[in-house]
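Participant: Have a look at this one before I ask anything.
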Amino acid sequence: MKRSIVATVLLVLAALLMIACTGNKKDDTDTTAESRQTTAQESDPSADSDEPTTTPDKETADETTTGGFAETSTEETTEESKLWNPDVIAYYDIDNGSSCNTRPDNGWFLLYTESPNIATKDGHFRSATPLLGTYDQADPAVARQHLYWLRAAGFTAIAVDLTNVIPLERCESNDMRKYCRGCMNNFEVLLREAKKMCDEGISDVPKIYANLRLSGENTEDFLMLLGEYRAIYEKYPGQTYHLRGSDKPFLGVFIDWELMNRGAEVTSAIDLGTYFEWRFTNGFLLNYAKDDKKGGYAIDADRKMWIFAENERGKEEGSYLPIYTAYKGGKAEMMAAAVAVWRGWETDGSLWDAMNHRIGGKTPLERTLAGVYQYQPDYVVINRFNYPVVWMSESQEGMGLWHSTHYEPSVELGFTMFNAVAKEVRQMRNLSGKAPETVRVLHDQDAVLSIDLSSDPLEYRISKNTDLSGAEWTMLHITSGISYESLLGNKTLYIQTRNLFGESPITEITVQSTEAPEPTSFVFDFSPNGNGGMYRKEGNAWVTPESFSAPGITDSAIGGNVIYASMHVDEDASVLSSLETDFTVPGSGTYAIRFSYMKNGTSPVIRLFIDGQQIGSDIDMNNGGGMTADSAELGTVTLTAGKHTLRIEAPATNSGRWEIFLDALFFVPVG
């Protein structure tokens, strides 16, 4: 009898989990959403109105914990919130990383040199460095981290920007084929990781949809592209986004203004088939909207449009004109907001209403959302999660750290913008939240902790000291876990986490790994095939993605290979160039360090630093002629086991000398 009861309970729980993860037909419990550029289509529940007939309720689940996540949703809906609970969508870029493009910094543009100020030099740069580093979106761990963050922020959906891809069959160059194939792969990686999280019992994982471009009226190529992405959609029916009340997966179709000028006729002239629910989309659509006599402007439902970005100023200083797409009955369907606004209320000559520019005490995010709160649409897109771009001659892309649209956690801004966006998203959706509970360790192996993530912790700090003195807040990487390798030798440690709402109590934990390893000889190999491969750059510095053979280098761990880097400084010799990377020390102790490298006629003087302290003297890598092998003794340094930071600087006086050829650092215990 007891076996029968248990079996019945397990069947019920399995059914509930399947319901939570099903998404082929969006039911009344599904409240996902889209993002930035997309266009959305609504099925007509009646002849007079195309507004949805139901307001989705939140999913529920049991209170067990799976994979570190509580199955119970952290989202709570009050009676008041049922009046307005929009789907909020993060606009998301998918083309970052060397698997997708040939940008110089691991598939990213170089960091601009004027940070945090406005750019003064033209060129394509990035305005910030993600906390995840210059990552590759082909990496499932990156996709999973992004999904975790956006879930914690309260987003219901992710709109993936694929507006620069074309059908693989139409790619004429290797670079274009790499780009298009890479974007397609990254899109599937995101969907695949979302499915895995759902299969693990994690609730409220954002749904996902694509924004594809229709170039002119070239429907032949577009339908070819549509077929490529439909094949991916069909693999992940539970992860694709659906509009409320629709049984079709959603798609955004980015179109040119020339096509939009044809008005509602376009919706019947262009046949996109019956598989997708879709909307046309673009930005700056005031010319296609009508004055609603209430202070805003509405785009007719017949146009089947969604808004990407708007910047029309309102009457009051700092305000923005509410522009929305409307249902047939006139109710607002969709609106867009942004963390910064190009050609908005700018005062510094940048053409940007910057992320930190307050007018009346409010940021652009708050001011672009004012109309959203007024009109309460069903769908809200917030621009732009991971697009830290600087491009002076194309100022609409970005002009600086604060003068561009990005809210992914970054080295420069930490969680500042992410938390600001999350606060607004959760407020719109009436989602309650609280600071993390006491830290609960789920796994402890090889000096790495995995903790319960049910309260959405974003950062942690860990120490051997009860007051956590000396411990810095660090991004919580949900795949890598929390390393305490540098604290080995201590049986008792103290840990604390924090999220948008505050800090957890300081928790005392007893760890499994306690024996501090003895110092032992090791080699840091600069090559990507060795220890190197992830370099943070400043100024005009970059690293080749591959190493190559060099004469005279015989004692390196990689058998005679070096990596080539550039440390070029500007003509005015005023900009410091640097490379920075992390390395791991196997055991605490004092080490003698030898640096192996190549001299050359175009090489500069460099300085090496470990954890901010220079090691050895300045090294002149220039010999006035061809390449020759050399090495330098850098003295001794005392290091704890665990991660440390290596930095190479080329002083600004090295104008005209830029090439460096790096082999390895050899660490030998002394004493």
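The values are calculated or read from the model by the stated rules, or taken from the named source; none is laboratory data. From a predicted model like this one, the values you see are computed outputs, not experimental measurements. Neighbour counts run over all protein chains shown; Cβ positions are idealised from the backbone, glycine included. Just the protein is used for accessible areas: all its heavy atoms, side chains included, with ligands, DNA and RNA removed. Shrake-Rupley method; radii C 1.70, N 1.55, O 1.52, S 1.80 Å.
Participant: Pick from 226, 191: which is in a helix (DSSP H, G or I), of a type in the set (A, V, I, L, M, F, W, C) and over 17 Å from residue 273 (Cβ atoms)? Quick ask: steps written out before the conclusion?
Facilitator: Working: 226 fails: over 17 Å from residue 273 (Cβ atoms).
Within the list 226, 191, the selection yields 191.
Participant: While we're on this one: Pick from 304, 248, 315: which is over 28 Å from residue 220 (Cα atoms) and over 25 Å from the mean Cα position of the chain (by Cα)?
Facilitator: Result of the check over 304, 248, 315: 315.
Participant: Another question about this same structure. Any chance segment 625-637 includes a residue that's open to solvent by less than 40 Å² (accessible area, probe 1.4 Å) and modelled with pLDDT under 90?
Facilitator: yes
Participant: Check off (1) under 25 Å from residue 384 (Cα atoms); (2) at pLDDT below 95; (3) surrounded by fewer than 16 Cβ atoms within 10 Å (Cβ to Cβ) for residue 164 and give me the number that stays unchecked.
Facilitator: Here residue 164 meets the rest and fails (2).
Quick grid of which residues meet (1) among the polar types (S, T, N, Q); (2) open to solvent by 30 Å² or more (accessible area, probe 1.4 Å); (3) under 20 Å from the mean Cα position of the chain (by Cα):
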| site | (1), (2), (3) |
| --- | --- |
| 200 | no, yes, no |
| 203 | yes, no, no |
| 214 | no, no, no |
| 217 | no, yes, no |
| 225 | no, no, no |
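Participant: Sticking with this structure for a sec: Quick check: is even one residue across segment 329-346 more than 21 Å from residue 212 (Cα to Cα), touching a Leu at 6+ places or on another chain (Cβ under 7 Å) and open to solvent by less than 10 Å² (accessible area, probe 1.4 Å)?
Facilitator: Scanning segment 329-346 turns up at least one residue that is more than 21 Å from residue 212 (Cα to Cα), touching a Leu at 6+ places or on another chain (Cβ under 7 Å) and open to solvent by less than 10 Å² (accessible area, probe 1.4 Å).
Participant: Which one of 294, 290 is farther than 20 Å from residue 396 by Cα and out of contact with any strand residue (DSSP E or B) (no Cβ under 9 Å at 6 or more places or on another chain)? Walk me through it before giving the result.
Facilitator: On the way: 290 fails: out of contact with any strand residue (DSSP E or B) (no Cβ under 9 Å at 6 or more places or on another chain).
Unique residue meeting the criteria: 294.
Participant: Do any strands (runs of 3 or more DSSP E) lying entirely in segment 262-331 carry at least 3 residues that are under 26 Å from residue 246 (Cα atoms) and among the hydroxyl-bearing types (Ser, Thr, Tyr), and which ones are they?
Facilitator: none
Participant: Determine which single condition residue 129 fails, assuming it passes every other condition in (1) within 30 Å of residue 176 (Cα to Cα); (2) open to solvent by 30 Å² or more (accessible area, probe 1.4 Å); (3) touching a strand residue (DSSP E or B) at 6+ places or on another chain (Cβ under 8 Å); (4) modelled with pLDDT of 90 or more.
Facilitator: Going through the list (1) within 30 Å of residue 176 (Cα to Cα); (2) open to solvent by 30 Å² or more (accessible area, probe 1.4 Å); (3) touching a strand residue (DSSP E or B) at 6+ places or on another chain (Cβ under 8 Å); (4) modelled with pLDDT of 90 or more, residue 129 breaks only (2).
Participant: Failed condition for residue 121, given (1) basic (Lys, Arg); (2) open to solvent by less than 20 Å² (accessible area, probe 1.4 Å); (3) not in a helix (DSSP H, G or I), with all others met?
Facilitator: (2)
Participant: Answer yes if at least one residue in segment 371-391 is free of Cβ contacts under 8 Å to residues at least 24 places away in the same chain and over 30 Å from residue 246 (Cα atoms), and no otherwise.
Facilitator: No; the residues of segment 371-391 include none that is free of Cβ contacts under 8 Å to residues at least 24 places away in the same chain and over 30 Å from residue 246 (Cα atoms).
Participant: Filter the strands (runs of 3 or more DSSP E) completely within segment 385-468 down to those with at least 3 residues that are hydroxyl-bearing (Ser, Thr, Tyr), open to solvent by 10 Å² or more (accessible area, probe 1.4 Å) and closer than 30 Å to residue 349 by Cα.
Facilitator: On the way: elements: 389-391, 441-445, 448-451, 459-463.
It comes to none.
Participant: Of the residues 651, 586, 604, which single one is modelled with pLDDT under 90, closer than 19 Å to residue 523 by Cβ and open to solvent by less than 50 Å² (accessible area, probe 1.4 Å)? Even if it seems obvious, please write down each step before you answer.
Facilitator: Numbers: 651 fails: closer than 19 Å to residue 523 by Cβ; 604 fails: closer than 19 Å to residue 523 by Cβ.
Being modelled with pLDDT under 90, closer than 19 Å to residue 523 by Cβ and open to solvent by less than 50 Å² (accessible area, probe 1.4 Å) holds for just one of 651, 586, 604, which is 586.
Participant: Residues to consider are 108, 84, 149; find the one that is of a type in the set (Phe, Trp, Tyr), at negative phi and surrounded by fewer than 21 Cβ atoms within 10 Å (Cβ to Cβ).
Facilitator: 84
Participant: Going through segment 346-367 one residue at a time, which ones are modelled with pLDDT of 95 or more, farther than 17 Å from residue 398 by Cβ, part of a loop (DSSP other than H, G, I, E, B) and not charged (D, E, K, R)?
Facilitator: 360, 361
Participant: With the structure loaded, tell me whether residue 179 is surrounded by fewer than 22 Cβ atoms within 10 Å (Cβ to Cβ), aromatic (Phe, Trp, Tyr) and within 28 Å of residue 407 (Cβ to Cβ) or whether it fails that test.
Facilitator: Taking the combined requirement at face value, the residue satisfies it.
Rundown of residues vs (1) more than 29 Å from residue 475 (Cα to Cα); (2) out of contact with any Phe, Trp or Tyr (no Cβ under 6 Å at 6 or more places or on another chain); (3) not acidic (Asp, Glu), yes/no style:
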{"site": "309", "(1), (2), (3)": "yes, yes, yes"}
{"site": "314", "(1), (2), (3)": "yes, no, yes"}
{"site": "327", "(1), (2), (3)": "yes, yes, yes"}
{"site": "333", "(1), (2), (3)": "yes, no, no"}
{"site": "341", "(1), (2), (3)": "no, yes, yes"}
{"site": "350", "(1), (2), (3)": "yes, yes, yes"}
{"site": "366", "(1), (2), (3)": "no, yes, no"}
{"site": "395", "(1), (2), (3)": "yes, yes, yes"}
{"site": "401", "(1), (2), (3)": "no, yes, yes"}
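Participant: Here is a follow-up. Quick check: anything in segment 484-494 within 30 Å of residue 106 (Cα to Cα) and either touching a Leu at 6+ places or on another chain (Cβ under 8 Å) or at pLDDT below 65 (or both)?
Facilitator: So far as segment 484-494 goes, yes, one or more of its residues are within 30 Å of residue 106 (Cα to Cα) and either touching a Leu at 6+ places or on another chain (Cβ under 8 Å) or at pLDDT below 65 (or both).
Participant: For segment 473-484, what are the residues that are under 17 Å from residue 641 (Cα atoms) and surrounded by fewer than 19 Cβ atoms within 10 Å (Cβ to Cβ)?
Facilitator: 483
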